[in-house]
Amino acid sequence: MTAPSTGSLRVNGATLHYEVRGQGPLLLLIPGGTGGAASFDGIADELATEYTVVTYDPRGMSRSVLDDPEAEQSVAEHADDAFRLLKLLSPAGSPERARVLGVSSGAIAALHLLTAHPERVELVVAHEPPIVEVLPDAPEHRALVARVQETFRTQGLMPAMAVFAAGLKKDGDATEPKSAGVKEAEPGAAEVEVAEVELPPQAAARAEQTMANLPYFVGRIVPSFMSYAPDMNRLEAVSDRLVLACGQDSRGELPYRPAALLAERLGTELRHFPGGHTGLTTHPAEFAEHLRKALRP
């Protein structure tokens, strides 16, 4: 794996850590869940043979530090962070617009970026954005978020994650996890599992960082991002620059449904990537190949 160049960017209320690899058209990768720049390690080098690949830790995650750790979060502010990265890293005076991949909650930020700053974006690939407000049963999902928050407040982190994971499964069908382990650096970071095996040092460090990010994700990101409703008029106006994607194994699960519904409403093709909600982690080579195809005109 090639070591990227790194930098920091001062934004409103935070300092962002970002990484750059390769050369060519600008490709910004926006992570979701508790993931940061490291969640794209499995595909970034591959994509860097064709693109200038930019990855980063969203505000409040890992190395991107908030001025106020208790600050409320918003999709608009996270999208503005992405916009400022594009302004910083686009070649001076270049009219070229960037390509963007967003996964999970990062896909929500990518959608807002596209509608707020279409002049900066050539194409957005949004993989399973959990925009539950577009669903006909949105009140049920608002209730899920409320249950997660109440469980977090009264019982703690891992019981709250168990409630959240159960709510994302097909028809709410999920088994309760037995101990505090989380698949390391996953985009959604919502699947909790027993972690008994000894991980390699780099994977262990990522898993540790994932656990460190979980309270912020559950307490700040989940309620703000899952209450977000897109501006459908603006989205329709730029739908020719939007690719909606889902995991081929995600059918019936909550994160799949909003992307499928949006694709139907916008009259666009719903693309299927390998794996499920966390296909970026479980099938990196295949995910990268599908992404390459989606990014081409």
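The values are calculated or read from the model by the stated rules, or taken from the named source; none is laboratory data. Just so you know, these numbers come straight off a predicted model, no measurement behind them. Every residue, glycine among them, receives a Cβ derived from its backbone with ideal geometry; neighbour counts consider all protein chains shown.
The figures follow:
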item	result
Top-ranked residue in the range 33-48 [being modelled with pLDDT under 95 and in a loop (DSSP other than H, G, I, E, B); ranked as surrounded by the most Cβ atoms within 10 Å (Cβ to Cβ)]	Gly35
Condition check for His272: assigned by TED's automatic domain parsing to the domain that holds Asp41 and surrounded by fewer than 23 Cβ atoms within 10 Å (Cβ to Cβ)	yes
First in the range 280-295 and over 13 Å from Cys246 (Cβ atoms), second anywhere and β-branched (Val, Ile, Thr) and surrounded by 19 or more Cβ atoms within 10 Å (Cβ to Cβ), Cβ under 7 Å, 6 or more apart	Pro284/Ile43; Ala288/Ile43; Leu291/Val125; Leu295/Val125
Selection within the range 248-275 - touching a helix residue (DSSP H, G or I) at 6+ places or on another chain (Cβ under 9 Å), hydrophobic (A, V, I, L, M, F, W, C) and outside any strand (DSSP E or B)	Leu254, Ala259, Leu261, Leu262, Leu266
Evaluation of Ala245 against (1) part of a strand (DSSP E or B); (2) modelled with pLDDT under 95; (3) not charged (D, E, K, R) (one fails), failing number	(2)
Index of the failed condition, Tyr56 passing every other in (1) more than 15 Å from the chain's Cα centre (by Cα); (2) within 19 Å of Ile108 (Cα to Cα); (3) assigned to a strand (DSSP E or B)	(1)
